[in-house]
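Enquirer: Pasting a structure here, questions to come.
The values are calculated or read from the model by the stated rules, or taken from the named source; none is laboratory data. These numbers come from a predicted model, not from an experiment. Note that each Cβ is placed from the backbone with ideal geometry, even for glycine, and that neighbours are counted across all protein chains shown.
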Amino acid sequence: MTYRLVPYAAEWTQAVARCNFRLLALGKVPFLLPARPPETGAVRREHWLVVGCDDEVRGGCLLQFHSAWLADETVEAANLQSPLSEGIGNREHAAVAPYMMRALTHKCPYIYSVGGGGEDMPYMRLSKALRWSVSTVPFFFRVLNGRRFLRHMQPLQRRRGVGLLARIAAGIPFAADLAFRQVHRVRLRVPPSSAGGAIPAWSSIRSQYGFAVERTPHLLDALYPLTDPRFHRISVPGGLGVLAVRDFRQDKYFGDLRVVTLVEMLLSSGAAGELLSAVLEFAGETGADLLVTNQSAPDLCAALRSAGWLKHASNYSLSLAPALAARVGQRPVYVNRGDGDGLLNL
């Protein structure tokens with residue numbers, strides 16, 4: 001069967017409904033195509049559909065467009081989100097996903113995606129097969145409430161021996177809190193702050209990166225609306241942090257923990273220590289049990305390690321289309337949970 005890529009317009013809503021019905025019958029899909037075309041918002045988004053020669057919709061995805069900094073110039077980049085194909089459970093349409101990704105890279109050479117659940121997942125394996133550059137975005141965490149962390153962190157509980165030890169340790173007053181506090185303190189190597197002045201302009205930060213979506217005030221307001229109570233901004237001389245607060249309930253990873261995610265770290269040289277201290281103070285005041293972040297930039301990773309944060313295996317991946325990867329080369333990139341749909345699970 002041959003396929004074509006078409007923009008999602010009202011004329012395709014019934015075909016999308018039939019596609020969703022077939023996907024539900026397969027019983028293997030994590031989400032469905034949207035019932036209606038996306039509305040225009042502060043960030044430009046386009047939904048694209050893969051249509052067969054029988055005019056039936058067989059898959060689709062969302063593209064989110066941004067101005068980006070790439071190898072010392074400003075370009076338009078597209079973030080690929082929520083790719084979906086009937087081939088996930090019907091081998092007759094196994095060609096839908098590779099066709100869609102090839103067609104998208106032809107349409108938008110500077111295309112990238114984040115998330116994906118780790119490099120061993122089907123989407124990531126397909127990306128590698130199509131010669132996209134795939135890497136993991138490092139994950140760091142800091143435990144604020146040791147007893148609740150041991151009691152509710154599900155990966156610990158699912159390991160029989162470790163889970164038992166975690167529950168025993170969680171039952172001992174103060175022991176877990178003191179132990180985690182000491183672990184973070186031992187790793188603390190933050191030099192005195194040398195930053196001064198106001199929050200740095202993005203134009204003064206971006207030059208150190210080979211690729212980054214432009215973190216302009218307009219984009220920050222679009223991604224993290226000031227009216228959204230979930231997001232909080234912390235500013236210190238020479239630095240700005242954006243945090244997201246979430247109370248989980250029976251989550252497969254975080255159980256019933258209150259988790260604060262450090263989404264953005266916009267820093268001038270020397271401001272990391274003061275910003276991370278302010279983040280820690282804010283998280284403690286909100287009653288958070290755990291601080292987490294994903295950051296790709298080597299300088300930010302080094303700052304987190306120096307501030308006592310612990311690193312753990314990451315399932316948050318970054319995929320760059322061949323043309324984009326070629327322009328980036330070996331330069332560092334600035335990618336975090338604010339990119340794409342990275343905050344869906346946090």
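Enquirer: Give the residues of the range 102-155 that are among the charged types (D, E, K, R) and closer than 21 Å to ARG327 by Cα, sorted by residue number.
Expert: Across the range 102-155, the qualifying residues are ARG102, LYS107, LYS128, ARG131.
Enquirer: When the range 24-54 is examined, which residues are found to be aliphatic (A, V, I, L, M), surrounded by 13 or more Cβ atoms within 10 Å (Cβ to Cβ) and touching a Ser or Thr at 6+ places or on another chain (Cβ under 9 Å)?
Expert: If the condition is that a residue be aliphatic (A, V, I, L, M), surrounded by 13 or more Cβ atoms within 10 Å (Cβ to Cβ) and touching a Ser or Thr at 6+ places or on another chain (Cβ under 9 Å), then LEU33, VAL50 are the ones that fit.
Enquirer: In the range 78-132, how many are more than 18 Å from TYR316 (Cβ to Cβ), assigned to a loop (DSSP other than H, G, I, E, B) and among the aliphatic types (A, V, I, L, M)?
Expert: So the count comes out to 3.
Enquirer: Then there is this: Can you pull out every residue in the range 246-270 that is modelled with pLDDT of 90 or more, in contact with a Gly (Cβ under 9 Å, 6 or more places away or on another chain) and of a type outside the set (Lys, Arg)?
Expert: PHE248, LEU262, VAL263, GLU264, MET265, LEU266, LEU267
Enquirer: Hey, can you tell me all the residues within the range 34-72 that are touching a His at 6+ places or on another chain (Cβ under 6 Å), within 18 Å of CYS108 (Cβ to Cβ) and not in a loop (DSSP other than H, G, I, E, B)?
Expert: Within the range 34-72, just LEU62 meets the criteria.
Enquirer: When you check ARG147 against the structure, is it modelled with pLDDT of 80 or more and either in a strand (DSSP E or B) or not assigned by TED's automatic domain parsing to the domain that holds ILE88 (or both), yes or no?
Expert: yes
Enquirer: Exactly one of (1) free of Cβ contacts under 8 Å to residues at least 40 places away in the same chain; (2) under 28 Å from the mean Cα position of the chain (by Cα); (3) over 14 Å from ALA103 (Cβ atoms) is unmet by GLU46. Its number?
Expert: In the conditions (1) free of Cβ contacts under 8 Å to residues at least 40 places away in the same chain; (2) under 28 Å from the mean Cα position of the chain (by Cα); (3) over 14 Å from ALA103 (Cβ atoms), GLU46 misses (3) alone.
Enquirer: While we're on this one: Select, from VAL96, VAL75, the only residue that is surrounded by fewer than 17 Cβ atoms within 10 Å (Cβ to Cβ), at pLDDT 95 or above and more than 20 Å from the chain's Cα centre (by Cα).
Expert: Among VAL96, VAL75, only VAL75 is surrounded by fewer than 17 Cβ atoms within 10 Å (Cβ to Cβ), at pLDDT 95 or above and more than 20 Å from the chain's Cα centre (by Cα).
Enquirer: Moving on to the next point. Are there any pairs with C-beta distances below 6 angstrom linking a residue in the range 13-29 that is not assigned by TED's automatic domain parsing to the domain that holds GLY59 and polar (S, T, N, Q) to a residue that is surrounded by 11 or more Cβ atoms within 10 Å (Cβ to Cβ) and at pLDDT below 95, with the two at least 6 apart or on different chains, and if so which?
Expert: Going by the 6 Å Cβ cut-off, there are no qualifying pairs.
Enquirer: Among the listed residues GLN208, GLN250, which satisfies the condition of being touching a residue at least 60 places away in the same chain (Cβ under 8 Å) and surrounded by fewer than 19 Cβ atoms within 10 Å (Cβ to Cβ)?
Expert: The unique qualifying residue is GLN208.
Enquirer: Still on this model: For the range 17-33, name all the residues that are of a type outside the set (A, V, I, L, M) and over 21 Å from the mean Cα position of the chain (by Cα).
Expert: Answer for the range 17-33, where residues must be of a type outside the set (A, V, I, L, M) and over 21 Å from the mean Cα position of the chain (by Cα): ARG18, CYS19, ASN20, PHE21, ARG22, GLY27, LYS28.
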